[in-house]
Structure formats: structure tokens, C-alpha cells
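Encoded as C-alpha cells, the structure appears first; notes follow it.
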Amino acid sequence: MAVVLVLVLIVVGSVLFHFLSPWWWTPIASNWDYIDHTIIISFWITGIVFAAVVLFMAYCVFRFRHREGNRAAYEPENKRLESWLMIVTAAGVTALLVPGLFVWSRFVTVPSDATEVEVVAQQWQWSFRLPGKDGKLGTSDTRDVTADNPLGVAPKDPNGQDDVLVEAADLHLPIGKPIKVLLRSIDVLHDFYVPEFRAKMDMIPGSVTYFWFTPTRTGTFQVLCAELCGQGHPLMHGVVVVDTEQDYLAWLGQQQTFAQLSAPQQSGSANQPSGKAMASGLDVAANSKLLRPAQ
Ligand SMILES: [Cu+2]
């Protein structure tokens with residue numbers, strides 16, 4: 001009887017803990033409420049199955065407990081029971097998987113007006129690159145990484161000269177504009193994760209992964225690395241600040257472009273960087289694709 005009681009208490013305790021626990025998701029700050037809905041569907045299905053299976057076990061332990069003279073009936077096949085179990089299991093697994101497929105399809109279908117922002121991970125910090133006045137990110141490669149070019153922006157690519165670099169500092173994004181994040185790692189596996197955005201993705205050295213989202217409320221959010229990436233992994237924090245458009249512009253105006261950051265090393269060169277490439281941060285702010293009014 002003690003076992004029956006323990007099994008029932010496990011179910012009651014788990015359900016109460018789920019509903020009364022103070023730990024729940026942080027309030028969402030992106031368009032990905034689909035992901036929350038999918039997780040809630042999974043909670044319901046797995047919760048119901050968990051309670052049903054454990055309560056059934058408790059029932060069996062009680063109903064078929066040892067009694068003198070009782071013999072168990074041997075029943076190797078029960079077609080009716082097996083069909084029911086198969087149908088219910090198939091329905092449960094389908095209900096667990098199908099919502100995720102719809103969400104995934106949206107997750108990787110980037111809106112055409114999304115602005116690309118590059119996130120670069122390295123042991124153990126986050127850096128970012130935003131397109132400059134041309135609205136395009138220049139190419140980049142880990143082979144171009146040097147002490148003066150820590151993100152490996154291709155030095156000769158004209159599209160990269162006006163890119164805004166945010167090295168090991170806070171990223172700001174404007175509210176309400178879709179963002180496509182391009183994820184690069186220049187050393188080991190990392191994973192860009194902002195819990196309030198609900199989205200996360202592995203970053204793999206040698207390839208560029210991506211997802212998109214639209215920030216839906218202003219605030220300061222922590223970036224976590226969700227992939228064990230070495231000794232400093234727990235300390236690999238970053239900050240994303242979602243601003244009003246005005247605050248975002250003010251911040252963008254203070255940032256430096258790749259050409260500006262490369263300038264001291266190239267001061268001896270007569271032809272680099274060009275006057276165009278030396279556009280000031282403010283100039284970048286005035287022309288950035290991010291600043292266009294929402295369509
Ligand atoms: Cu990491």
C-alpha cells in the first residue's frame with residue numbers, strides 16, 4: 001500500500017508543482033509566441049500521459065496485490081488493447097510533433113524586409129556586426145581574423161567597409177523591425193540564446209547558421225551561450241538592448257565602422273580607406289536600412 005500511496009503522491013505533487021511553482025518563462029519579447037504554444041501543448045500531452053501511466057501503475061499495484069491462493073492469468077495477446085494503445089500513442093506522438101513542424105517552417109522563412117545582423121561568438125564573448133549605409137554586410141572569414149580584425153571581416157570587400165562593429169559590447173536593436181541573425185563562431189561550438197526572444201541556434205565554426213525574429217518590447221536582455229564551449233562557458237554573457245527607434249539611432253550614431261576601426265593600421269596607405277568608406281557612424285545611422293519606416 002505504501003507504494004500505491006507514493007505513486008499517487010508523485011502525480012499529485014508533480015501537477016501541483018507545475019501549476020504553483022514560481023519558476024516560469026521570462027515574459028516574451030519577440031514574435032515567437034508560437035514556440036511557447038508548442039511547449040504548452042507538449043506539457044499537456046506529456047503531463048496527461050505521465051499522470052495516466054503512473055496512476056495506472058498505482059491501480060495495478062493495488063488491484064493485483066498478492067493474496068493467498070490467487071494465480072495470475074497468462075494472456076500473451078490482446079488485439080483490442082494493442083490496437084487502442086497503438087492508436088492513442090500515434091495520436092499523441094503526432095500531436096507532439098506536428099505543431100513543431102509548423103513553427104519550424106516559420107522560423108526558417110525569413111521575411112524579405114528583415115535586416116541582417118551578424119553575431120560572432122568566440123571563447124568567451126559576443127561581438128556583433130550591423131550593415132552600414134549600403135544595407136549589406138561584407139563577407140567575412142576566420143582566415144581574416146587578426147588582432148586588428150577580430151571578427152575576420154574581409155579587408156578588401158567594399159561592402160564590409162561601412163559595416164558597424166560592436167566588439168564585446170552591447171548590441172542594440174530597434175523595436176518592431178524583423179532581424180535575421182547570421183551566426184558565426186570563430187573557434188568552437190557556441191549557441192546564441194536570448195531567453196526572452198525564445199529563439200536559439202547553434203553556431204558552428206566554418207558555417208553560418210541563422211534565424212529571424214522581431215523584437216516586440218523594449219528592454220535589456222541577456223545573451224547566453226547554450227552550448228558547452230569550454231572553461232569560460234558559464235561566464236559567456238552578452239547584452240541585447242531593444243530600443244525605441246530614436247534611442248537606437250542615437251546609439252548607432254556612436255558606433256564605429258570597420259573602416260574607422262581599421263584606419264590607424266592603414267594610415268600609411270594612400271588609397272585606403274576611401275572617403276566613402278570612412279563614413280562616420282552618424283552618416284551610417286542616417287542611411288541604415290534598419291532606419292527605414294516599417295512597411
Ligand atoms: Cu559559448
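None of the figures in this text is laboratory data; all of them are computed from the coordinates on show. It should be emphasised that the depicted structure is a prediction, and the values quoted were computed from it without experimental measurement. Every residue, glycine as well, gets a Cβ built from its backbone with ideal geometry; the counts of neighbours run over all protein chains shown.
Numbers at a glance
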quantity: Virtual paramagnetic centre 7 Å along Cα→Cβ of ILE41, amide N under 16 Å, in region 71-108; calculated: 90-108
quantity: Sites matching trypsin sites (Lys or Arg not before Pro) across region 106-199 that sit in DSSP coil, with at most 13 neighbouring C-beta atoms within 10 Å; calculated: LYS156
quantity: Cα centre as origin, Lys/Arg/Asp/Glu Cβ charges: the chain dipole, Debye; calculated: 1020 debye
quantity: Neighbour-count order for HIS190, HIS37, fewest beta carbons within 10 angstrom listed first; calculated: HIS37, HIS190
quantity: Pairwise label distance in nanometres, ILE10 with THR146, each label 7 Å out on the Cα-Cβ vector; calculated: 6.2 nm
quantity: For ALA121, net neighbour charge (Lys/Arg +1, Asp/Glu -1) across residues whose Cβ lies under 13 Å away; calculated: -3
quantity: Neighbourhood net charge (15 Å Cβ-Cβ; Lys/Arg +1, Asp/Glu -1) for GLU227; calculated: -1
quantity: Mean separation of Cα contacts under 8 Å, 6 or more apart, over the residue count of the chain: relative contact order %; calculated: 19 percent
quantity: MRE, 222 nm, helices only [DSSP H, n ≥ 4, -39500 (n - 2.57), over the chain, to nearest 500]; calculated: -12000 deg cm²/dmol
quantity: Rounded, prolate or oblate (a/c below 1.5 giving rounded, otherwise prolate when a/b exceeds b/c) for region 1-77 by Cα gyration tensor; calculated: oblate
quantity: Equivalent ellipsoid, the chain (semi-axes from 5 times Cα gyration tensor eigenvalues, Å); calculated: 54, 19, 17
quantity: Over 22 Å [Cα-Cα, region 33-136], rounded percent; calculated: 64 percent
quantity: Within the chain, longest stretch free of exposed GluC sites (Glu not before Pro) [DSSP loop, at most 14 other beta carbons within 10 Å]; calculated: 168-295
quantity: Count of lysine pairs in the chain with Cα separation under 22 Å (8 or more residues apart, or interchain); calculated: 16
quantity: Whole-number percent relative contact order across region 50-186, with pairs defined as alpha carbons under 8 Å at least 6 apart; calculated: 24 percent
quantity: Coil-residue chymotrypsin sites (Phe, Trp or Tyr not before Pro) of region 1-107, DSSP, other Cβ within 10 Å capped at 14; calculated: TRP23, TRP24, TRP25, PHE64, TYR74
quantity: Label-point separation in nm, PHE62 to ALA90, each point 7 Å along Cα→Cβ; calculated: 3.4 nm
quantity: R0 of 51 Å, Cβ-Cβ distance TYR74-THR220: FRET efficiency to nearest 0.05; calculated: 0.20
quantity: Contact order relative to length of region 194-258, as percent, for alpha carbon pairs under 8 angstrom and 6 or more apart; calculated: 28 percent
quantity: Anisotropy class of region 175-238 from Cα gyration tensor, a/c 1.5 cut; calculated: oblate
